[in-house]
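Notes follow the structure.
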Amino acid sequence: MISTNPNSFLGSVAPMRRVVSLGILALVVGGACKKAPSGEASPAEKLSIQNIGSDTMVNLAQAWAEEYAKVEPNVSVEVSGGGSGVGIAALINKTADIANSSRKLEPAEEEKAKQTGHATPTEFLVGYDGLAIFVSKNNPIDHISVEELGEIYREGGKITKWSELGVTAIPGAKSDDIIRISRQNNSGTYHYFRESVVGKKSDFKQGSLDMNGSKDVVEQVAKTPGAIGYAGLGYATPQVRIVKVSKVKGGPAVVPSIATVHDKSYPISRPMFMYTPGAPAPHVKKYIDWTLSPAGQKLVELTGYVPLAK
């Protein structure tokens, strides 16, 4: 006999609703409890990588970060400069996942990292940079030697005038004096230039204009007709000229390029590194592996640096 009492039907539906609701709740809770594999982001989770350091590498690092966001949308690479020394300090202080450096870690820095609870920092070679010598676009000088650069920048160096390098006039220059543009001493570029050009046991000549970043060096050279400066090849602009460099005075002068850096005929090129505090976390290692892939290395070339040899 079929009941015509509506309350009877509603009474039978209520328990069914409770069962369905409990089932849905179980599915939601069960899904929320599922964890992504270690080091990987779940669809709702976003991982970040703090990437700090070399001003030479900052343009490249930013290009990598922007492209990687398309490859791994759940990973955000946060890039900041400040110099190789700043990146290495952040690595030691545990505020960086990756330190970009245009020089190798010094033994004292490795030891300090160990003392703060890290394993030995892990080094990754990610590309090369031809350290370019820049002058204003109206400066007619064609080439210079490593020895002459040393005499310009070294304390006690004998070259102070453009006429001593065969340059008789520079349009717009107020005098014959060579105006030296350099970097601050927390820069990996500064340390490399000192080691390779000025001399490991020598000091820089006093009175240079010391810039915070490579971009600043190039901009200062561009607006100073009598200036000379050094910075990463990737910072070249139409407002400056790159001077060819020879290993010795009178030797073949070479312009920095992928080919001349790879065959080591350009005398002032250097490796670029990423350092992590011990073994990197899985998502950090995955990012570094991507920078070393053909896609990542193509960006090295496109931003004006030298990719790893194939």
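Restricting to the range 297-310, and then to whatever is touching a helix residue (DSSP H, G or I) at 6+ places or on another chain (Cβ under 8 Å) and farther than 19 Å from D55 by Cα, can you tell me which residue is surrounded by the fewest Cβ atoms within 10 Å (Cβ to Cβ)? Residue satisfying both the conditions and the ranking: A309.
For the range 124-181, the set of residues classified as over 23 Å from R103 (Cβ atoms) and of a type in the set (K, R) consists of K137, K158, K161, K174, listed by residue number.
Of the residues making up the range 132-150, those that are farther than 20 Å from S265 by Cα, buried (at least 22 other Cβ atoms within 10 Å of the Cβ) and not hydroxyl-bearing (S, T, Y) number 2. Evaluated against (1) under 10 Å from V243 (Cα atoms); (2) over 33 Å from the mean Cα position of the chain (by Cα); (3) not β-branched (V, I, T), D176 falls short on exactly one condition, (1).
The range 183-266 holds helices (runs of 4 or more DSSP H) entirely within its bounds, and those carrying 1 or more residues that are surrounded by fewer than 17 Cβ atoms within 10 Å (Cβ to Cβ) and not polar (S, T, N, Q) map to 258-262. Contact annotation: residue pairs with Cβ atoms under 7 Å, 6 or more positions apart or on different chains, pairing a residue in the range 149-169 that is closer than 17 Å to Y190 by Cα with a partner that is among the charged types (D, E, K, R) and outside any strand (DSSP E or B), are E151/K158; Y153/K205; R154/K205; E155/D203; E155/K205. Scanning the range 289-310 for residues that are in contact (Cβ under 8 Å) with a residue 60 or more places away in the chain and either assigned to a loop (DSSP other than H, G, I, E, B) or more than 14 Å from M57 (Cα to Cα) (or both) yields a total of 8. Residues in the range 152-164 that are outside any strand (DSSP E or B) and either surrounded by fewer than 17 Cβ atoms within 10 Å (Cβ to Cβ) or of a type in the set (F, W, Y) (or both): Y153, E155, G156, K158, T160, W162, S163, E164.
Taken over the range 257-279, the criterion of being charged (D, E, K, R) and touching a residue at least 60 places away in the same chain (Cβ under 8 Å) is satisfied by R270 alone.
Flag: A279 matches the condition of being surrounded by fewer than 21 Cβ atoms within 10 Å (Cβ to Cβ), of a type in the set (A, V, I, L, M, F, W, C) and either in a strand (DSSP E or B) or at pLDDT below 95 (or both).
Selection of the range 93-105 for residues being of a type outside the set (S, T, N, Q) and at pLDDT 90 or above yields A96, D97, I98, A99, R103, K104, L105. Is one or more of the residues making up the range 257-268 within 23 Å of L209 (Cα to Cα) and touching a helix residue (DSSP H, G or I) at 6+ places or on another chain (Cβ under 7 Å)? Taking every residue of the range 257-268 in turn, at least one turns out to be within 23 Å of L209 (Cα to Cα) and touching a helix residue (DSSP H, G or I) at 6+ places or on another chain (Cβ under 7 Å).
The values are calculated or read from the model by the stated rules, or taken from the named source; none is laboratory data. Here the structure is a predicted model, which is why all the values come from computation and not from measurement. Reconstructed Cβ throughout: ideal geometry from the backbone, glycine too, with neighbour counts over all protein chains shown.
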